Structure formats: C-alpha cells, structure tokens
Amino acid sequence: MHRFAIQNWTVAESRRDRRVDVLRGFALLMIFVDHVPGDWLNNITMRNFGFCDAAEIFVLLAGFASMSAYGKCFERQGARSGLWRVCQRCARLWLFQLGLLLATLALRRSWLSHYGVSEPGSESFLGAGLADIAWAASLRALPPGLDILPLYIVLLTCFPFGYAAARLVGPFAALAASAALWAAANLLPGLNFVNAADGTPWHFNPFAWQFLFAIGAVLAIATQASGGSLPRRTWVVAGCWAYLGWALLQAAPWTVFGLPDLGPWRLSVPDKTALAPVRLLDVLAIAYLVLSSRRLTGLVRHRAFAAVEACGKHSLEVFSLGTLLSLAGQLAMQTFGDGLGMQIGVNLLGFGIMLTLGLVLERGLVSPPASLALAAVRHLRR
C-alpha cells in the first residue's frame, strides 16, 4: 500500500473519509433550511454563528472529493481516462441543473396558477420562453436559487488544468496561483461572470470560489499524506477556536435570543460573492478542526449519523431534491402562513425526505437517476 505523498503524488488506496461525508450531509440540510425564508431554523444554521455558511462547506468538500476521486483516476489510469471521468461528471451535473430548471419552472407556474402566489424575484423567470430556457440551460442565465451547480460545473471543468499545474510545479505553487486569482477577484469586482437573466454578476464568483475548491483538493492530498488526518497542533487548534469564537460574537443574532446586540462593534456582513477573507478563514478553521480530529473519526461511525452520512455520499441527488423541497416549503409558507405548525411541517417533511433519499440510494434500494436513464437507453436499443 503506497502513501499519498505530496512530494511524489503517489496515490494510496484509502476508504472514504466519513467525517467529510457527514459534514457534507449536514451542509445539505442547512442549505435546505437557509433557502426557506421565514423559517425560524434559519436563526440556528451556521451562517448565524460565523462568517461563512453551508455553501462554503459544500464547495470546499467538492474540491476534496474531486481530488480523491478524479486525481486518483488521472494518477492510475492516465489523462484520457481522467478527462473522460471529469466530462461524465460535468455532463451529469448539467443534466441535474437542467432537470432542476424545468422542475422549478413547472412548480412555480403551477403554484401561481392554483394559488396566485409566486416566489419573490421570480417574475421574469416565470415569463420565460423557450429562448430564455435555452439561455438558462447553457448556464448563461441563472434563475433565482439555481446558481450553485453552475459554479460546481465551472470549477470541475477547470479541475484537470489545476491538477496538471500541481503535477508540474507542485500543489502549493499551484495553490499560490489560485490564491492570486482569488485576490484579484476581491480587488477587481468586475472580474466575474455576468448573469444574462438580469445583467448582474454571478452570486458565486468562480474566479474567487475556485480558491476554496483548490484548497479542498490540497487538503485531500495532505490528509492522505498524514495517514487520514491533518497533523493536529495545539496552537493551531487554539487559534481556530479563538477565531471561531470571535466570528460567533460578530455573526450571532443575539437579539433573537433576547440578548443585546454588539451595535457599532459588529462588522458589516462580509462579501459572499468574492469570498471575503474573513469568510475564507472561517471555513478553513472549521475544516482544520474536523480533518485533524481522529476522535471525530470514531464519533461519526455511530449509527445516529448514518442517514446524514448517506446524504453526503449522494450529495448531488440530495441537494437537487432539497432545492425543490425548499422552494415548495417557501411557497407553502407564503400561501398558508408561516406559523409554528407550518414551519414544523416544512422542516420535518424536508429533513425526512432528504434523509430517506440518502438511505435509499446508499442501500441500493433504487437506482440513481443516471442509472435509470442508462437502463432506459439500453431498453430502447433492444
């Protein structure tokens, strides 16, 4: 068994990091909650207790998973096989994006037809014709709430170039170049893609968020080089907790819990589009504490985390379903009120369906959508 050493890039045989899957599963559940305005649980998701939110966790772990999966493919099977795997994944992401586009359009229009209620900000999308849908399918126009998968597609498309650069100059030199591009995106607001739907910049600037994706990829190398966990240094742990404590003081909605606000001592909300430095440091502190903890490795083996871990393993399917459920929950609360009973119902149904889907896919009780499509194609060829 060879070690995945940063110096020689020898890829080791390794099992999935259960900490990563559990953390990604929790991120998916929080994304669902954060996308339902008016839900009281919005007050206790991670965005209220630090500078970053579940989106940063999702992108960081996407980079981690991409290096673990596709980096090994490039290493063992060569460039052609690696590129083919990446292209397959990008195609699958695009198909899910297209499916979400059509499903959300159908849901919004049918809800508007039956109840006269639509999601705020979706008026132009509701009036979209075939040409507008084609623009959205080509990722040039991003409808409201459908901007995470396009970012993922762009980042994964660029992964082979980042991997090649890391092989040529080393992972940390490649990471330095990625950091320079992130800094440029923070200093030059115009360095971004434009959403053709409304002429505004992408909410997740790919030129900035690629740095977080690249960090996740390097963390995958580093954890395997260290035997599965990052080296745990007491002073680094203390620094991470101190930073997260300060972020908690700054970001927590104290008034919701009947406590006084920080007032003039509170920082303004850091920019999410360009991934402001304080947001980046926040997610990196969380990642270090998680990936350096061997105790957590044992804890997540408990069966209580099985459903959340399953969601993390099947993140694309669970994320897509969660996106539709959050839209349905938002429309239901706008139509029938956002009382306590409605909020409990929306959250229980949302969590229950997402966790159930994760377990169903993990246990092989039903084939994922891609497998079903492939089976259908094979049937038609007979």
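Residue pairs whose Cβ atoms lie under 9 Å apart, separated by 6 or more positions or on different chains, with the first residue in the range 22-48 and part of a helix (DSSP H, G or I) and the second basic (Lys, Arg), are ARG24/LYS313; GLY25/LYS313; MET30/ARG47; ASP34/ARG47. Every listed requirement among (1) in a helix (DSSP H, G or I); (2) at pLDDT below 90 is met by VAL346 save one, (2).
Comparison of LEU244, LEU280, LEU230, LEU212 shows that the only residue that is modelled with pLDDT of 95 or more, within 30 Å of ARG18 (Cβ to Cβ) and in contact with a Leu (Cβ under 6 Å, 6 or more places away or on another chain) is LEU212. Considering ARG303, ARG295, ARG279, the condition of being of a type in the set (D, E, K, R) and crowded, with 19+ Cβ neighbours inside 10 Å is satisfied by ARG279 alone. Of all residues assigned to the range 40-63, at least one qualifies as being of a type in the set (Phe, Trp, Tyr), at pLDDT 90 or above and under 21 Å from PRO270 (Cβ atoms). The C-beta contact set for the range 304-315 (first residue free of Cβ contacts under 8 Å to residues at least 60 places away in the same chain and within 21 Å of SER66 (Cβ to Cβ), second residue assigned to a helix (DSSP H, G or I) and small (Gly, Ala, Ser), distance under 7 angstrom, 6+ apart or interchain) comprises HIS314/GLY358.
Do we have any residue at all in the range 216-225 that's of a type in the set (S, T, N, Q), within 30 Å of LYS72 (Cβ to Cβ), part of a helix (DSSP H, G or I) and over 14 Å from the mean Cα position of the chain (by Cα)?
Yes, the conditions are met somewhere in the range 216-225.
State whether the residues of the range 77-84 include one that is among the basic types (Lys, Arg) and touching a residue at least 40 places away in the same chain (Cβ under 8 Å). No - not one qualifying residue is present in the range 77-84.
So, ALA185, is that one small (Gly, Ala, Ser), within 21 Å of the chain's Cα centre (by Cα) and either surrounded by fewer than 21 Cβ atoms within 10 Å (Cβ to Cβ) or assigned to a helix (DSSP H, G or I) (or both) or not? The answer is yes for ALA185.
The values are calculated or read from the model by the stated rules, or taken from the named source; none is laboratory data. Source: prediction; values computed, not measured. Here the Cβ is made from the backbone with ideal geometry for all residues, glycine too, and neighbour counts use every protein chain on show.
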